[in-house]
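Values in this text are rule-based calculations from the coordinates and carry no lab data. Quick caveat: nothing in here was measured; it's all calculated off a predicted structure. Backbone-built Cβ (ideal geometry, glycine too); neighbour counts: all protein chains shown.
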Amino acid sequence: METIETFSPEETYMLGKKIGEAACPNTVYALNGDLGVGKTVFTQGLAAGLGIDEPVTSPTFTILQNYDGGRLPFFHFDVYRIGDIEEMDEIGYDDCFFGGGVSLVEWAEIVEEILPENTVYITIEKDPEKGFDYRKITVQNSEERS
Ligand code: ADP
Ligand code: MG
């Protein structure tokens with residue numbers, strides 16, 4: 001497990017970018033953390049690291065947004081408003097997770113049961129004692145969780 005502390009949105013973006021630059025096909029990033037903690041900022045960095053120029057926004061009302069302009073196809077899920085896990089099947093999540101691209105799921109804990117074995121778990125937390133812009137980010141691969 002790796003723990004990184006950031007002190008600005010830019011630093012969180014740069015961490016995402018570094019991870020995006022190294023991302024391999026069929027990797028799923030499970031992103032967890034409260035509303036407003038920086039999941040989308042991190043995702044924007046990861047997309048930039050994949051070479052995506054298009055602006056990445058929070059796809060809250062669509063669940064899935066995909067981007068084709070980068071080094072690998074990128075699938076950005078935000079499952080905050082999902083009603084039922086069946087919706088993931090309807091979206092065709094497995095074609096995203098296992099189709100050679102890179103997937104990232106904001107609010108992944110909601111769909112935990114369908115996350116593949118090799119999922120990389122990233123959690124972002126605040127600590128009010130350490131300031132408004134402080135974030136603690138942990139990155140954990142599947143072996144480290146079992
Ligand atoms: P989420 O997707 O988790 O709901 P967003 O990424 O949309 O959150 O928003 C995070 C907000 O927190 C942004 O307004 C961003 O500027 C702010 N912020 C402050 N400090 C940080 C930090 N260290 N890392 C990421 N975001 C930060
Ligand atoms: Mg978000």
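The figures follow:
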{"read-out": "Alpha carbon convex hull of the chain, volume per residue in cubic angstrom", "value": "104 Å³"}
{"read-out": "Lys pairs under 20 Å by Cα in the range 2-145, provided they are eight or more residues apart or on distinct chains", "value": "8"}
{"read-out": "For the range 99-111, Karplus couplings with θ = phi - 60° (6.51, -1.76, 1.60), whole Hz, Gly/Pro x", "value": "x, x, x, 10, 10, 9, 10, 6, 6, 4, 4, 5, 10"}
{"read-out": "Net lengthening on full extension, Ile82/Phe132 (0.36 nm per residue, minus Cα-Cα)", "value": "15.1 nm"}
{"read-out": "Helix 9-22 vs. the chain, principal-axis angle (Cα, 0 to 90°, nearest 10)", "value": "50 degrees"}
{"read-out": "Sites matching chymotrypsin sites (Phe, Trp or Tyr not before Pro) across the range 1-85 that sit in DSSP coil, with at most 11 neighbouring C-beta atoms within 10 Å", "value": "Phe61"}
{"read-out": "Two-site label geometry, Cys24 and Arg71: point separation in nm, points 7 Å out along Cα→Cβ", "value": "1.4 nm"}
{"read-out": "Degrees separating the helix 39-49 axis from the principal Cα axis of the chain, which is the longest one", "value": "70 degrees"}
{"read-out": "The chain, helix-only ellipticity at 222 nm - DSSP H runs n ≥ 4, -39,500 (n - 2.57), divided by all residues, nearest 500", "value": "-7500 deg cm²/dmol"}
{"read-out": "For the chain, share of DSSP beta bridges that run antiparallel, in % to the nearest 5", "value": "50 percent"}
